[in-house]
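First comes the structure, then the notes that go with it.
Computed from the coordinates by the stated procedures, all read-outs in this text should not be read as laboratory data. For clarity, every value in this text was computed on a predicted model and none was experimentally measured. Every residue, glycine as well, gets a Cβ built from its backbone with ideal geometry; the counts of neighbours run over all protein chains shown.
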Amino acid sequence: MEESREFLAEGAAGTVKDLSKYVPEARRKPGELGMAVLMFLLGALGYYFALDMTSGEYSSPSVFPKLASTVIMACSAVNFFKAVRREKPEAAATLKGYLLPMDVVVVVVLLVAYCVALPRLHFVASSYAFMVIGMVYLQRGKNIVRALLISAVSLAVLVAVFRYLFLVILP
Amino acid sequence: MEQNLQYFLIPFLSWEMMVLIWVGVFAGIWVGAIPGLSVTMAASLLISFTFSWDLNSALALICGVFVGGVYGGSITAILLNIPGAPAAIATGIEGYPLAQRGEAGKAIGLCTTVSVFASFVGIIVLSVAAPVIANFSLKFSPRDFFLLAVMGILLIGSIGGGDPIKGITAGAVGVLLSMVGMDPSTGELRYTFGNIYLMAGISFVTAMIGLFGVSEALTQFRNAGKKSPKQNLDRIIPSWATFLKYLPLSIRSSLLGVFIGALPGTGGDVAALLAYDQAKRTVRHPSRPFGTGAYEGIVAPETANKGAIGGAFIPMLTLGIPGDAVTAIIIGALYIHGLKPGPMLMIETPHLFWMIVSCLSIASVALMVLGLVSVKPFAKIIEIPKEIIMPVVIILSVIGTYAIQNSVVDIFYMIGFGIIGYFMRLYGYATGPMVLGLILGPMLDANYRRAMQGAENQLLPFLEGFVTNPISLFLTLAIVFLLVSQTSFYRRWRGLE
Amino acid sequence: MRKLGLALLAVCVLAGAAFGAYPEKNIQGYIMWGAGGAMDNVSRAIVPIAQEHLGKTIILQNRTGATGAIATTFVANQPADGYSILFGAENPNLYKVTGLSQIDYDQFEPVFLMMANVGVVIVSKDSPYTSYRELIEAAASGKTITMGSTGPGGLPYVATTMIEKIHDVKFNKMQFDGEGPCITALMGGHIDAVAVGLLAAANFIHSGNVKGLAMISSERIESVASVPAVTEVYEEYRPYLPWGAFFGAFVRKETPAEVLDVLRSAFTKAFQDPRFDEFAKTMGGVKLGITGDDAKKYIRQNQSVAAWLLYDAGGAKFSPEEFGIERPQGK
């Protein structure tokens with residue numbers, strides 16, 4: 001059945017990573033312990049605030065929040081212990097470098113700036129600025145004209161479709 | 001019988017209806033594809049839009065949009081890892097890796113073909129067995145819905161191929177977040193801290209767009225400079241042999257989809273998830289391991305959520321009870337046009353049933369054509385360098401999010417979720433489970449409590465119900481089986497290890 | 001589709017050129033309940049006709065949550081220029097006594113009350129109870145009867161409270177997301193009875209899938225004439241009636257009078273349009289069609305019945321007295 005083979009799989013160089021079974025990595029990622037602790041705290045907070053809710057019966061509103069919080073806490077604890085048992089992360093990988101490579105930082109800053117600008121400058125201006133700055137930065141300053149053009153065109157299309165077809169008044 | 005045939009032919013004899021169906025499917029594909037825009041939203045817009053139209057034309061358009069919209073959500077899931085609707089999450093899990101390998105064309109082609117097949121399965125079941133299924137679906141008690149939600153939740157540990165424990169953690173966080181807001185049963189405010197925006201709860205669509213879309217964009221930026229994968233677009237339409245190979249799976253999953261769609265209140269999303277899970281457990285030798293681009297992982301959820309379209313009409317047309325959100329809106333449209341949805345509908349306006357059946361059929365054909373034709377342009381989208389497309393996608397997500405409730409706060413949520421999702425993914429907490437938790441959380445919570453209330457808050461009668469009621473018993477055993485089949489004990493017994 | 005869009009655009013331009021007064025742009029309409037529900041249907045039925053008389057589009061959105069408090073609070077915070085309309089039901093009347101929100105219809109001016117929704121107590125067609133009396137006597141004898149509910153403040157909730165108070169019985173309640181799901185559960189035998197609005201139940205009564213035991217009103221309703229009015233069985237209900245849900249359009253109190261007049265006249269004309277008549281008949285609701293002071297009186301009366309009922313039965317956090325809500329006459 002030759003034709004069906006076209007839909008059969010082949011990984012790089014013939015090896016196929018079986019993702020249906022989870023194989024843990026040997027080393028921790030930087031900050032992994034911190035993440036597990038954070039999650040645990042989240043669960044604890046969830047449980048704490050759930051105590052304020054009406055309880056008493058099996059069908060109270062507080063049952064599931066408490067249940068979910070407990071699951072989070074239990075799993076985080078397990079995660080923590082599993083992570084502790086693994087080796088420390090490589091010396092070369094710093095927390096900041098792992099979490100926040102330059103590109104990501106810039107985009108996040110842009111996003112936050114967008115959130116701030118939106119109520120003030122309104123949709124069209126903020127979005128245009130976001131897109132242009134984003135594209136220009138990501139392309140490292142090349143193709144500025146193309147970025148300006150593409151942003152303008154896509155924004156125009158989007159606004160037209162949403163404003164006139166779907167009758168959505170943009171912020 | 002002859003009468004019914006006449007009704008069935010109504011759309012075929014009307015130029016206007018035919019055109020509207022095709023237009024609807026086309027528009028639906030785009031609406032479904034845009035993250036944040038949902039078929040439900042489009043449908044409610046259309047109701048007002050088509051108020052003064054003739055009912056038949058209005059219905060033709062809406063059916064088209066429905067069919068196209070459900071399909072559209074899977075396209076962006078495959079291409080950009082941004083599901084256009086929760087029903088497409090599972091499709092994205094398998095489809096996106098395929099796209100990254102350059103096989104987006106094949107993925108979409110397969111998706112389209114099986115979708116059309118499943119759509120017809122749904123329509124056939126609708127025509128043949130509607131009243132029977134509708135009456136049966138009424139028997140589902142809150143306890144049974146709870147069990148269904150539990151089945152969905154069990155998926156959480158295995159989605160995304162990551163550490164199952166982390167998956168469960170993410171899922172539990174999702175469930176916790178779904179509790180934010182006003183408790184639908186008692187009106188009590190949970191986790192709102194006096195903030196009025198939190199009172200409305202966290203819309204899972206906002207979370208989904210943020211967790212998938214924005215966080216995907218951010219994650220992509222870590223691989224700056226990596227080229228977009230070149231797409232191989234030679235053989236889009238799957239060969240006949242391939243189609244037959246997946247036929248048993250398609251039939252199974254689409255029937256599952258029809259049935260779940262027929263349950264009042266649950267629709268394509270739950271159906272797709274359960275079908276995906278079912279495929280993972282029953283397919284011995286997937287074309288690729290699940291999670292890396294298994295074709296079965298596209299076939300199963302896609303057929304299920306298309307089958308659910310036909311399924312959703314079953315209770316709606318026979319009993320006037322919506323099978324899902326879109327059919328709820330269609331019921332509204334029927335009222336506005338002077339009809340009486342409800343058990344009398346088939347009796348007083350028999351042409352309606354067959355007309356809808358044929359509209360859906362035509363829409364499915366339109367889907368086949370339009371879907372396949374658009375594969376090439378869609379696939380080309382991935383080839384656009386991500387430095388350009390990601391900012392546009394982000395802005396698109398912003399609009400889509402805003403369009404849900406016209407609330408700027410939603411946009412902030414979305415971006416917040418995006419950033420959270422980004423960090424989560426870095427540590428191996430997959431985002432799929434979190435969205436699942438958000439979606440299934442309310443279903444779990446509300447139905448658990450209803451079942452408890454039915455047992456007058458007494459633990460023993462509550463537990464008894466699981467074994468005394470035949471439907472509940474079946475579902476409980478199914479869940480037990482699901483759990484047991486994961487343990488090594490069982491796997492050894494079956495010779496799988 | 002495009003035809004309609006162009007037509008609308010033309011109308012807008014013409015209208016704009018001709019008047020230059022309110023409305024100069026499209027209006028936003030916020031529906032406090034979800035798509036497909038009774039409130040949604042009524043709003044979407046009247047708005048397209050009202051639009052024709054206004055010359056501009058009213059863009060409708062569902063802004064659900066918190067029994068309608070989200071929508072109410074939102075519109076209360078919009079400018080009082082007539083470009084934000086609240087499409088609301090009777091729920092805001094109970095916000096203050098349940099402590100849900102401090103913003104209710106006191107901050108609004110009713111544009112138009114379109115329809116009223118009367119409550120009806122229904123059971124499934126296989127139910128052992130064939131008359132209202134049987135149901136009440138069963139409850140009084142200690143048998144557990146499970147009633148459906150849609151959450152505090154909803155029509156089923158207040159109705160059930162009323163019944164419990166009058167007969168001194170207690171029902172076991174199961175809560176659902178709306179009247180529709182209650183009826184579905186009833187048909188599946190998961191609850192014993194429920195009091196819902198007639199708008200939701202009418203079709204099911206006609207088809208025989210559910211039995212109407214009593215109409216919570218002092219007279220029978222034409223479209224379901226076979227269902228007895230509750231006062232025929234128990235006189236004790238009379239002081240609480242008329243009561244029920246209502247559906248209306250509201251704008252902020254401070255909206256200028258000329259704007260209100262334009263809106264009122266548009267909605268009144270829409271209400272009288274035969275198309276809306278058709279719709280109302282099909283849905284089985286009671287046409288109200290009141291505005292201005294009549295509307296305010298109606299709302300106040302509805303509020304006093306519901307608020308005091310709830311408070312007396314122990315379901316309210318605050319006393320209606322604190323908000324100046326008077327007791328209903330004769331109670």
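From the residues C:Ile46, C:Ile58, C:Val97, which one has its Cα farthest along the dipole of chain C in the positive direction, the dipole being from +1 and -1 charges on Cβ of Lys/Arg and Asp/Glu about the Cα centre?
C:Ile58
What distance in nm separates the simple spin-label points at C:Asp312 and A:Ala125, each placed 7 Å from Cα in the Cβ direction?
5.9 nm
Of the DSSP beta bridges with both residues in the stretch C:119-239, give the percent that are antiparallel, rounding to the nearest 5.
65 percent
Which ³J(HN,Hα) values in Hz, rounded to whole numbers, follow from the phi angles of the stretch B:441-455 under the Karplus curve 6.51 cos²θ - 1.76 cosθ + 1.60, where θ = phi - 60° and Gly and Pro get x?
So the Karplus estimates, Gly and Pro as x, are x, x, 5, 4, 4, 4, 6, 4, 5, 5, 4, 4, 5, x, 8 Hz.
Return the unpartnered cysteines for chain B, using a Cβ-Cβ cut-off of under 4.7 Å.
B:Cys111
At B:Met18 and C:Glu236, where each label point lies 7 Å from the Cα along Cα→Cβ, what is the point-to-point distance in nanometres?
Taking the two extended label points, one gets 6.7 nm.
Quick one: angle between helix C:257-272 and the longest Cα principal axis of chain C, in degrees between 0 and 90, rounded to 10, please.
With rounding to tens, the tilt is 60 degrees.
Ignoring everything except DSSP H segments at least 4 long, calculate the 222 nm mean residue ellipticity for the protein assembly as shown; use -39,500 (n - 2.57) per segment, divide by total residues, nearest 500.
-19500 deg cm²/dmol
Counting Lys and Arg as +1 and Asp and Glu as -1, each charge on the Cβ, what is the dipole of chain C about the Cα centre in debye, to the nearest 20?
Once rounded to the nearest 20, the dipole reads 560 debye.
Scan around C:Phe176 for amide H atoms under 5 Å from its own, H built in the peptide plane at 1.01 Å from N, and keep only partners 5 or more places away or cross-chain.
Amide H neighbours of C:Phe176: C:Ser149, C:Thr150, C:Gly151.
May I ask you to sort B:Met434, B:Met316, A:Met39 by Cβ crowding, counting other Cβ atoms within 10 Å and putting the fewest first?
A:Met39, B:Met316, B:Met434
Can you sort B:Phe221, B:Phe423 from fewest to most other Cβ atoms within 10 Å of each residue's own Cβ?
Listed from fewest to most nearby Cβ atoms, that is B:Phe423, B:Phe221.
What lysines sit close enough to C:Lys287 to cross-link, taking a C-alpha to C-alpha distance under 16 Å and skipping anything fewer than 8 places away on the same chain?
C:Lys269
Using 20 Å as the Cα-Cα cut-off, could you pick out the over-long pairs in A:Lys29/A:Lys82; B:Lys340/C:Lys173; A:Lys142/B:Lys376; A:Lys66/C:Lys170; B:Lys230/B:Lys380?
Going by Cα-Cα distance, B:Lys340/C:Lys173; A:Lys142/B:Lys376; A:Lys66/C:Lys170 fall outside the 20 Å limit.
Give the distance, in whole Å, between the Cα centre of the stretch C:278-330 and the Cα centre of the stretch B:414-436.
Centre-to-centre distance over Cα atoms comes out at 47 Å.
Apply the Karplus parameterisation 6.51 cos²θ - 1.76 cosθ + 1.60, with θ equal to phi minus 60°, to every residue of the stretch A:70-75 and state each ³J(HN,Hα) to the nearest whole Hz, in sequence, with x for glycine and proline.
4, 4, 4, 5, 4, 5
Rounding to the nearest 20 debye, state how big the charge dipole of the stretch B:1-487 is about its Cα centre with +1 on each Lys and Arg Cβ and -1 on each Asp and Glu Cβ.
Computed charge dipole of the stretch B:1-487: roughly 1240 debye.
Going highest first, how would you order A:110-118, B:447-455, C:114-122, B:461-469 by mean Cβ packing within 10 Å?
Highest mean packing first, the order is C:114-122, B:447-455, A:110-118, B:461-469.
Treating cross-link reach as a plain straight distance, find the lysines whose alpha-carbon is under 19 Å from the alpha-carbon of C:Lys317, omitting any fewer than eight places away in the same chain.
Within reach: C:Lys96, C:Lys165.
Would you tell me the mean number of C-beta atoms belonging to other protein chains that fall within 10 Å of each C-beta in B:332-341, as a whole number?
Counting other chains' Cβ atoms within 10 Å and averaging over B:332-341 gives 6.
Quick one: helix C:38-54 against the long Cα principal axis of chain C, what's the angle to the nearest 10°, folded into 0 to 90?
Roughly 20 degrees, rounded to the nearest 10.
Just order A:55-65, A:98-108 by mean Cβ neighbour count inside 10 Å, highest at the front, would you?
Peptide ranking by packing, descending: A:55-65, A:98-108.
For each of A:Met35, A:Met53, count neighbouring Cβ atoms within 10 Å of the residue's Cβ, then give the residues from fewest to most.
In order of increasing Cβ crowding within 10 Å: A:Met53, A:Met35.
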